[in-house]
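So the structure is just underneath, and the comments pick up after that.
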Amino acid sequence: MSAAISAALKKFAVYILTDKKALKIIGGIVLGIIIIIVMPIVAVIGMFNSDINIDTDRLQTMVVQNLSAEEKVKLRFVEDTMNSIDDKMKSAGFNGRVKEAQVLYVLALYDYSFSPNFVDKLVSCFSENQTDEQLVYSVNSAFGTQLTSEDFSNVMGNIRSLYIDTSDYTDLSTKNNIDLVKWAMHAQESGWGYVWGSHGKLLDEAELERLESVFGSHVTDYDEFIRANWLGKRTADCVGLIKGYGWYDTQSGKINVGSNGMQDVTANGMFQAASEKGTIDTIPEIPGLAVWHEGHIGIYTGNGEVVEAMGTQYGVVKTKLKNGRWTHWLKIPYIKYIEESKEKTS
């Protein structure tokens, strides 16, 4: 296999690991090719630096055509193991951490996966409120590996910044305040950046050029900073963080502008459209409210905290409600407000 194809497959690995639908449809087979044919498991650490653009359908066809019967058996084993990890992590209550377990399998544990009860052993390494360092320590203790938390965090950092996990959403059939909070908290925890006019899409070169052409100096004045800090990550501006949730299609994983009844408005336009609002001193304890001051908007996540896309040099951050310059609160008119205790539906 040529060096060019090898490098392209590494790039494709990122696509597979960060796209739920792709992983479900073709992920097991192609990821198995990457693991078994192209590179050692540990080489996945360095696969995030490629800038190669590839035709993934053609690549998959080209590679699969050359598989031997033995290799296809191995790939089926990889696919079955990935599916088993998904099922057992969710059964154990770790819906939002399936990717972590799958990355550990790819990163360091493939050689151990032939042992009986491998998946159960891997799942047992997880616990609530666990740091990456604690998880890696548990994995090393269980399997005798020497994985470093730095390597794992580097890989997961890239995946977390790209992948939107809706597995723990309350209700995928509606746009609601509880899942808006989860969306916002994910964006903050994943280190989303800020670019004027953006709304949660991956910021590649084409998207940056589009934003610069539409929004001019709001973007171009920060071109160097954006390229150094936000290119290759998801980005949103203040109201774009809210609109991105409203426009996100959980089936396709795409953000479709103007969809799901969410109007393409500014922060001030969203405030003006709200029928339920008040001064900030009267804010009710309802997670998923928006907080507003002239020209800027954020998401109240409860317990006196706000997630906001603060500015180009800050990105999406968590702040204290009392420390902000917020003057008003509002119920976002394009989403449904439900109780936190509502049973999750899918």
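For segment 236-258, name all the residues that are within 15 Å of the chain's Cα centre (by Cα) and either of a type outside the set (Phe, Trp, Tyr) or not assigned by TED's automatic domain parsing to the domain that holds Gly197 (or both).
Within segment 236-258, Ala236, Leu241, Gly244, Asp249, Thr250, Gln251, Ser252, Gly253, Lys254, Ile255 meet the criteria.
List every residue pair whose Cβ atoms sit under 6 Å apart, with the two residues 6 or more apart in sequence or on different chains, where the first one lies in segment 105-129 and is assigned by TED's automatic domain parsing to the domain that holds Met89 and more than 18 Å from Ser91 (Cβ to Cβ) and the second, anywhere, is among the hydroxyl-bearing types (Ser, Thr, Tyr) and assigned to a helix (DSSP H, G or I).
Ser113/Thr81
Kindly indicate which of Ile178, Ile164, Ile226 is more than 17 Å from Met310 (Cβ to Cβ) and over 15 Å from the mean Cα position of the chain (by Cα).
Ile178
Just to check your reading of the model, which residue among Val119, Val139 is assigned to a helix (DSSP H, G or I), buried (at least 17 other Cβ atoms within 10 Å of the Cβ), touching a Lys or Arg at 6+ places or on another chain (Cβ under 6 Å) and β-branched (Val, Ile, Thr)?
Of Val119, Val139, the one residue that is assigned to a helix (DSSP H, G or I), buried (at least 17 other Cβ atoms within 10 Å of the Cβ), touching a Lys or Arg at 6+ places or on another chain (Cβ under 6 Å) and β-branched (Val, Ile, Thr) is Val119.
Can you name the residue in segment 66-116 that is modelled with pLDDT under 75 and of a type in the set (A, V, I, L, M) and is also nearest to Val136 (Cα to Cα) among such residues?
Across segment 66-116, the extreme among qualifying residues is Leu107.
Given (1) under 18 Å from Asp237 (Cβ atoms); (2) buried (at least 19 other Cβ atoms within 10 Å of the Cβ), where does Tyr314 come up short, assuming only one miss?
Failing condition for Tyr314: (2).
What residue, of Gly253, Gly295, is on the phi > 0 side of the Ramachandran plot and surrounded by 13 or more Cβ atoms within 10 Å (Cβ to Cβ)? Explain how you work it out, then say what you get.
Numbers: Gly295 fails: surrounded by 13 or more Cβ atoms within 10 Å (Cβ to Cβ).
From the options Gly253, Gly295, the qualifying one is Gly253.
Given the criterion at pLDDT below 95, closer than 28 Å to Leu172 by Cβ and either more than 27 Å from the chain's Cα centre (by Cα) or assigned by TED's automatic domain parsing to the domain that holds Trp183 (or both), identify the matching residue among Gly315, Gly261. Talk me through it step by step, then tell me what you get.
On the way: Gly315 fails: at pLDDT below 95.
Sole residue among the options that is at pLDDT below 95, closer than 28 Å to Leu172 by Cβ and either more than 27 Å from the chain's Cα centre (by Cα) or assigned by TED's automatic domain parsing to the domain that holds Trp183 (or both): Gly261.
From the list His199, His218, His186, which one is out of contact with any Pro (no Cβ under 9 Å at 6 or more places or on another chain), under 15 Å from Gln313 (Cα atoms) and not charged (D, E, K, R)?
Of His199, His218, His186, the one residue that is out of contact with any Pro (no Cβ under 9 Å at 6 or more places or on another chain), under 15 Å from Gln313 (Cα atoms) and not charged (D, E, K, R) is His218.
Just to be sure before I move on: is Lys182 modelled with pLDDT of 90 or more, touching an Asp or Glu at 6+ places or on another chain (Cβ under 8 Å) and under 30 Å from Phe94 (Cβ atoms) in the structure I sent?
Working: modelled with pLDDT of 90 or more: yes; touching an Asp or Glu at 6+ places or on another chain (Cβ under 8 Å): yes; under 30 Å from Phe94 (Cβ atoms): yes.
Yes.
Checking Ser50 against (1) under 22 Å from the mean Cα position of the chain (by Cα); (2) at pLDDT 55 or above; (3) among the small types (Gly, Ala, Ser); (4) over 21 Å from Ser149 (Cα atoms): exactly one of these is not met. Which one?
(2)
When Tyr169 is evaluated against the numbered criteria (1) in contact with a Gly (Cβ under 9 Å, 6 or more places away or on another chain); (2) at pLDDT 80 or above; (3) within 17 Å of Gly253 (Cβ to Cβ), which criterion, by number, is the only one it fails?
Tyr169 satisfies all of (1) in contact with a Gly (Cβ under 9 Å, 6 or more places away or on another chain); (2) at pLDDT 80 or above; (3) within 17 Å of Gly253 (Cβ to Cβ) except (1).
Condition (residue is aromatic (Phe, Trp, Tyr) and out of contact with any His (no Cβ under 6 Å at 6 or more places or on another chain)) applied to segment 290-310: is it met by at least one residue?
Looking only at segment 290-310, we keep the residues that are aromatic (Phe, Trp, Tyr), and these are 292, 300.
Retained after the next criterion (residues that are out of contact with any His (no Cβ under 6 Å at 6 or more places or on another chain)): 300.
Scanning segment 290-310, I find at least one residue that is aromatic (Phe, Trp, Tyr) and out of contact with any His (no Cβ under 6 Å at 6 or more places or on another chain), so the answer is yes.
Looking at (1) surrounded by 12 or more Cβ atoms within 10 Å (Cβ to Cβ); (2) out of contact with any strand residue (DSSP E or B) (no Cβ under 8 Å at 6 or more places or on another chain), which one does Tyr245 not meet, given that it meets all the others?
The one condition Tyr245 does not meet is (2).
For segment 130-153, which residues satisfy the criterion of being within 20 Å of Lys90 (Cα to Cα), at pLDDT below 90 and either touching a Pro at 6+ places or on another chain (Cβ under 7 Å) or hydrophobic (A, V, I, L, M, F, W, C) (or both)?
Result: no residue meets the conditions.
Among residues belonging to segment 84-115 that are among the hydroxyl-bearing types (Ser, Thr, Tyr) and in a loop (DSSP other than H, G, I, E, B), point out the one that is surrounded by the most Cβ atoms within 10 Å (Cβ to Cβ).
Applying the first criterion (among the hydroxyl-bearing types (Ser, Thr, Tyr)) to segment 84-115 yields 84, 91, 105, 110, 112-113, 115.
Adding the requirement that they be in a loop (DSSP other than H, G, I, E, B) leaves 113, 115.
Working: Ser113: 18, Ser115: 10.
That would be Ser113.
Evaluate segment 324-344: report whether one residue or more is assigned to a strand (DSSP E or B) and among the hydroxyl-bearing types (Ser, Thr, Tyr).
Kept after step one, since they are assigned to a strand (DSSP E or B), are these residues of segment 324-344: 328-330, 336.
After this cut, where a residue has to be among the hydroxyl-bearing types (Ser, Thr, Tyr) as well, the list is none.
No, segment 324-344 contains no residue that is assigned to a strand (DSSP E or B) and among the hydroxyl-bearing types (Ser, Thr, Tyr).
The values are calculated or read from the model by the stated rules, or taken from the named source; none is laboratory data. In this text, all values refer to a predicted model and were calculated from it rather than measured experimentally. For neighbour counting, all protein chains shown are included, and Cβ atoms are generated from backbone atoms with ideal geometry for every residue, glycine included.
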